[in-house]
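Worksheet: the structure to be examined is printed underneath.
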Amino acid sequence: GFARAGAHVSKPVTLWRQGRANVLVNTGEAGFTHSTYLTHGTTVSEIALMVPDAQAAFARATGLLAQPHGEEPAAGELRIPAIRGVGGSVLRLLDEGADLAGIWQVDFAASPAELGAGITGIDHIGQTMAYDEMLSWSLFYTAIFDARKAPMVDVADPDGLVRSQAIRAGGLRVTLNGAEARHTLAGRFIEDSFGASVQHVAFATDDIFATAEVLAERGFAALRIGANYYADIEARFGLDSALIAKMQAASIMYDEDASGRFFQLYSQPRGDGFFFEIVERKGGYDGYGAPNAPFRIAAQKRAARPVGMPRR
């Protein structure tokens, strides 16, 4: 449902937009992004964060020994403060000041937008690392962005445990997934992508059933969830059978707590294990559907095939 919304004025970078989600696709053959592509393949190499004061956030980060990222902008381009993030990625810092607020007008030539699929923005990103690096990644976010940590939870993978911890600072939500066993889904992603940091991006929607319908019409390859999952949540939450039928037809997963409800829809995983997620939060639900993770991982492993083997 994303539409091509612009092209960079001097680089082979296209802007794709839907709601408040902006995705840049960089096919350049020089610089940091290209070296990241050569190392990891198609991956998330940079993440932009909107902060109250980009220069102050940059000064705080470098004062705490974060490494600045210093590629020189071309003539006429904005100079955007940036630091090296975890896993070799880059974090760019934007604010609504007179200079940086004009990034889309200064650096990009706009194209007309099209009707999307109901995606409103980015809910969170999922980052994967070896378990013994997890504390360092967590400290990076809590120190530099004053982020809050949720309690660590164990996620059951058929091939071992994965430790997961959610980090939040304002609108930035990150789930950190530490792999102890190489045959887990997380462990295989680290191996197959040569250590790429972002394993999945979760987009937000206000109506996941409407979004799922549009995506299905456009050929979106949804991750198929087994029927036993829906029997389980029907019994666990006492959900209406009609709602269960709608969720099962669209492969939408569900969780709830005392504050609200949560719906999830996943893409099929790419060959290296990268995937997309679409979520809808209702009420004050603040989690990430952790009880669904074993079912989701099992479905992703069923969907995966060795290189060269056709899908059924």
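The values are calculated or read from the model by the stated rules, or taken from the named source; none is laboratory data. This one's a predicted model, so the numbers in the text were calculated from it and none came from an experiment. Every residue, glycine as well, gets a Cβ built from its backbone with ideal geometry; the counts of neighbours run over all protein chains shown. Only protein heavy atoms, including side chains, enter the accessible area calculation; ligands, DNA and RNA are left aside. Shrake-Rupley method; radii C 1.70, N 1.55, O 1.52, S 1.80 Å.
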- Item | Label-point separation, PHE194 to LYS246 (7 Å along Cα→Cβ), nm | 4.6 nm
- Task: Could you pull the accessible area for SER138 with a 1.4 Å probe, rounded to 10 Å²?
- Result: 0 Å²
- Query: Share of the stretch 1-154's accessible area from carbon and sulfur, percent, 1.4 Å?
  - Reply: 56 percent
- Message: Classify the stretch 3-110 from the C-alpha gyration tensor, please: rounded if a/c falls under 1.5, else prolate or oblate depending on whether a/b exceeds b/c.
- Response: oblate
- Query: Shape call for the stretch 141-229 from the C-alpha gyration tensor, a ≥ b ≥ c root eigenvalues: rounded (a/c under 1.5), prolate (a/b greater than b/c) or oblate?
  - Reply: oblate
- Query: Roughly how many whole Å is it from the C-alpha centroid of the stretch 133-176 to that of the stretch 1-31?
  - Reply: 29 Å
- Item | Residue-normalised accessible area of the chain, expressed per residue, 1.4 Å probe, Å² | 50 Å²
- Task: Sort the stretch 70-226 into rounded, prolate or oblate with this rule: let a ≥ b ≥ c be the square roots of the eigenvalues of the Cα gyration tensor; rounded if a/c is under 1.5, and if a/c is not under 1.5, prolate when a/b is larger than b/c, oblate otherwise.
- Result: oblate
- Message: Roughly how far apart, in whole Å, are the Cα centres of the stretch 71-128 and the stretch 213-260?
- Response: 33 Å
- Nearest 5 is fine: what % of DSSP beta bridges in the chain come out antiparallel, could you say? 75 percent
- Query: Using a 1.4 angstrom probe with every protein chain in place, what is the largest-first accessible-area order of HIS183, HIS8, HIS124?
  - Reply: HIS183, HIS8, HIS124
- With only Lys, Arg, Asp and Glu charged, each at its Cβ (+1 for the first two, -1 for the last two), find how big the charge dipole of the chain is about the Cα centre; round to the nearest 20 debye. 580 debye
- Message: Using the basic label-point model (7 angstrom from Cα toward the beta carbon), what is the HIS183 to ALA221 distance in nanometres?
- Response: 2.5 nm
- Among beta bridges that DSSP assigns inside the stretch 119-303, antiparallel share in %, nearest 5: 75 percent
- Message: Which order do you get for LEU172, LEU135 if you rank them by accessible area with a 1.4 Å probe, largest at the top?
- Response: LEU135, LEU172
